[in-house]
Amino acid sequence: MVHLTEILFDCIVVGSGPSGSMCAQTVTEAGCKTLMLDAGFTNDQSSPDTLSDFHSIRTNGTKQSAIFLGNNFEGLDWGPTQAGSQLTPARKYLIHRIKELLPLESKSYFPLESLAYEGLGAAWGLGCYKFSNTELEKAGLKASSINKAYQVVANRIGISYTPDDIEPYTMPGIEHLQPSISVDDNSRFILQRYHKRQSEIRKRNFHLGIPALALLTADKNNRKATTYSDMDFYNNQGLSAWRPSVSIEELKKKSNFAYQPDVLITSFEEAGDIVSVSGFIISTGEPVTFKAKKLLLACNVTSTARIVLRSFKKYDHNLPLLCNPYSYATCLLWNRLGKYSSPERTSTAQLSLFHDSNNNNADVAMASLYSYSSLLLYRVVKEVPLNFKDALKLMQYLIPAIVIGGIHHPDEPGKFKYVCLKQGAANFTNDILHARYELETSEKKAIEKRERLFYQIFRKLGCMPLKKIQPGFGASAHYAGTLPFSIKDEPFTLQPNGRLSSTKNVFVADGSGFNYLPAKGITFTLMANAHNTALNVLQHA
Amino acid sequence: MSTNKEAYILSSYLTNRQPTPEVLMLYDQALKKLPVDSNSKEIKLWEFCIKHTWALKFVDAALGFTDPYHPVRKRIFIMLAILETQPAYNDCFLPQKRSFLYIFYVLFYMVNAVVKTVIGKVLLWFI
């Protein structure tokens, strides 16, 4: 690492998630000498027998407990559902040492943060959605440039989608798409019901279809099409799913790109045209500093907020916070009870249901429908208010006909939605991020009303809602808005090109700038914005 | 108390079968990695269930309704998860093709489950 601290890089990118990987690719391919700094925790547990499909492993695998429970039984989450509970043992490393290295205190906000290699991108659900022009403008993004960036990102990562009823909310105008995934038997049944009642459901401004996914259905370069092994929560066979490592591993082959893990960046400082980026080596605690002409922060909004506030030594100062309110419902597809379902499927969302309240793609809520597959019964049996033995019997019967409907709502800034950095904590950085996220009464009512509409449509589709689970604010894993875009050069805002106000050479390439957070999955737009920010950095240079 | 004894009781309760050596080993390991923190009252309840195994289903039922994250239930939960990963118990966990009439069998079981909850609640007053 010593030699990296002595080099003046053209660009330093902090973070290895979807945003970090996209902006690093753009600047590196343009010829910049690029350093990616990352905490970079990896999964150090080997899982045997993970090249097989889920059904085969479940039927015959003798070492399943390591895969499904974890070598240290870390897959056994006891207690109420919260952010991170849903992570399989193979993904638990995503939240390794978070409490210690990214301390956060809150009574109302429980986000999923990660210091892992690939960040939260390692557990991304792969759903790809273009924001509409109205949504982009509300978010503070320039529609014309983001729309071009969407195509660039789509070409890089590979997306499968066949235009259907939800095209306006997913991939309008995007070319070179692969065919949609084949959905499972339950989802085919739901689609058939939708097509029978299509005009009635569409009159209520609901649209159902197969989501666009960053999952290959045809081979692309050295990556293979999905084999429908239903192991997507545990591994990435054939690299069929795009994860940030797919891009970063290719970048590592380039001579002008260096990846440095084991570093937690805490602050930056500008002196003339040089940005010094400081932090410490996680394994030793030693301080370390790197230098570059341009800094791109792409480490998720709360981590970026910590770095920025610390760098300006601004404590007890509130930054706004956006997070999609999220709940999910366990629904019973009663017509599928006792029926055989083919085990060949992906573990991703099978269907997406959009509610476009004014039919103008400006105020859209979204539900992702999943079969309860590739997860074991014990996770859901504990939620049933019966004795375990009878609950097991019940769920063994019901689970093949269970559909999980996860509903995301859009979000706007609010009085009780903020983060701030407080000094004086006894930890590595002597500070702690304080967060508050509460909805106003009008917002709660709007969400409840909208969810009732979703449940009505679920019933029309044959899905009977059994139980609603609210895992707490932050569980959506979609966050934005801490450094909102502004054309004024006010502190703690971003210029439209991503430059952090009051700095010359510091840019933010994650969702910190968004002034509005649509309900559609944010990751594809994050990546497009990251690519654009990197282009702006190149122009700025 | 030996974890093997607990494992036998819990496995029999959940599946009407004895635990395999693998299950015994995993349960022992799991309790070391995931200690079950209990106060004296909770320990007393657990010891009662071990001594009077007939009561376990009623206690589990009552707690499932009133205190689902009780330490007694945590032990059962751990055993349940371990059993699910063993092919020897697949018929208790993997989906089975069923006729439409099976729904009545399940409904009967659910009525049974509610009765157990009521009995369990009464039992808890006395333990």
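The values are calculated or read from the model by the stated rules, or taken from the named source; none is laboratory data. Given the structure is predicted, the values throughout are model-derived calculations rather than measurements. Cβ coordinates were reconstructed from backbone atoms using ideal geometry, including for glycine residues, and neighbour counts include every protein chain displayed.
Evaluate the following for residue A:368: is it among the small types (Gly, Ala, Ser), within 11 Å of chain B (Cβ to nearest Cβ) and closer than 29 Å to residue A:453 by Cβ? Answer is no for this residue.
Quick one: how many residues across the stretch A:249-281 are more than 12 Å from residue A:37 (Cα to Cα) and buried (at least 18 other Cβ atoms within 10 Å of the Cβ)? Talk me through it step by step, then tell me what you get.
Restricting attention to the stretch A:249-281, the residues satisfying the condition of being more than 12 Å from residue A:37 (Cα to Cα) are A:249-256, A:267-276.
Next cut, buried (at least 18 other Cβ atoms within 10 Å of the Cβ) only: A:251, A:267-268, A:275.
Within the stretch A:249-281, residues that are more than 12 Å from residue A:37 (Cα to Cα) and buried (at least 18 other Cβ atoms within 10 Å of the Cβ) number 4.
Can you pull out the helices (runs of 4 or more DSSP H) entirely within the stretch A:97-182 that have at least 1 residues that are closer than 30 Å to residue A:42 by Cα and either touching a Cys at 6+ places or on another chain (Cβ under 8 Å) or free of Cβ contacts under 8 Å to residues at least 24 places away in the same chain (or both)?
Details: elements: A:98-101, A:133-139, A:143-157.
In the stretch A:97-182, A:98-101, A:143-157 are the helices (runs of 4 or more DSSP H) which contain 1 or more residues that are closer than 30 Å to residue A:42 by Cα and either touching a Cys at 6+ places or on another chain (Cβ under 8 Å) or free of Cβ contacts under 8 Å to residues at least 24 places away in the same chain (or both).
Exactly one residue out of A:44, A:49 is modelled with pLDDT under 90 and within 13 Å of chain B (Cβ to nearest Cβ), and it is A:49.
Annotation note: Cβ proximity below 7 Å between a residue of the stretch A:323-348 that is β-branched (Val, Ile, Thr) and a residue that is assigned to a loop (DSSP other than H, G, I, E, B) (sequence gap 6+ or interchain) occurs for A:346/A:181; A:346/A:226; A:346/A:228; A:346/A:230; A:346/A:232; A:348/A:125; A:348/A:126; A:348/A:232. If you go through the stretch B:53-90 and keep only what is more than 9 Å from chain A (Cβ to nearest Cβ), free of Cβ contacts under 8 Å to residues at least 24 places away in the same chain and not in a helix (DSSP H, G or I), you end up with just B:67.
Evaluation of residue A:495 against the conditions (1) touching a residue at least 60 places away in the same chain (Cβ under 8 Å); (2) buried (at least 17 other Cβ atoms within 10 Å of the Cβ) shows that the sole unmet condition is (1). Residues in the stretch B:29-48 that are in contact (Cβ under 8 Å) with a residue 24 or more places away in the chain and under 16 Å from residue B:77 (Cβ atoms): B:30, B:31, B:34, B:36, B:37, B:38, B:42, B:45, B:46. Only residues that are at positive phi, assigned to a loop (DSSP other than H, G, I, E, B) and modelled with pLDDT of 95 or more: list them for the stretch A:222-251, please. Across the stretch A:222-251, the qualifying residue is only A:228.
Taking the stretch A:376-414 as the range and being within 11 Å of chain B (Cβ to nearest Cβ), under 18 Å from residue A:469 (Cβ atoms) and in a loop (DSSP other than H, G, I, E, B) as the test, the residues that pass are A:376, A:377, A:382, A:383, A:384, A:385, A:386. Counting the residues of the stretch A:261-292 that are free of Cβ contacts under 8 Å to residues at least 60 places away in the same chain and hydrophobic (A, V, I, L, M, F, W, C) gives 1. If you check A:75, A:70 for being within 14 Å of chain B (Cβ to nearest Cβ), assigned to a loop (DSSP other than H, G, I, E, B) and buried (at least 23 other Cβ atoms within 10 Å of the Cβ), only one passes: A:75. Among residues of the stretch B:100-127 that are more than 27 Å from residue A:340 (Cβ to Cβ), those with a beta-carbon under 7 Å from a residue that is β-branched (Val, Ile, Thr) and at pLDDT 95 or above at least six positions away or on a different chain give the pairs B:120/B:59; B:123/B:59; B:124/B:59. Name every residue in the stretch B:93-106 that is of a type in the set (A, V, I, L, M, F, W, C), facing chain A (nearest Cβ under 7 Å) and assigned to a helix (DSSP H, G or I), in order of residue number. Hits for the stretch B:93-106 are B:93, B:103, B:106.
The set of residues in the stretch A:347-371 being under 18 Å from residue A:189 (Cα atoms), at pLDDT 95 or above and of a type in the set (Ser, Thr, Tyr) consists of A:352, A:368.
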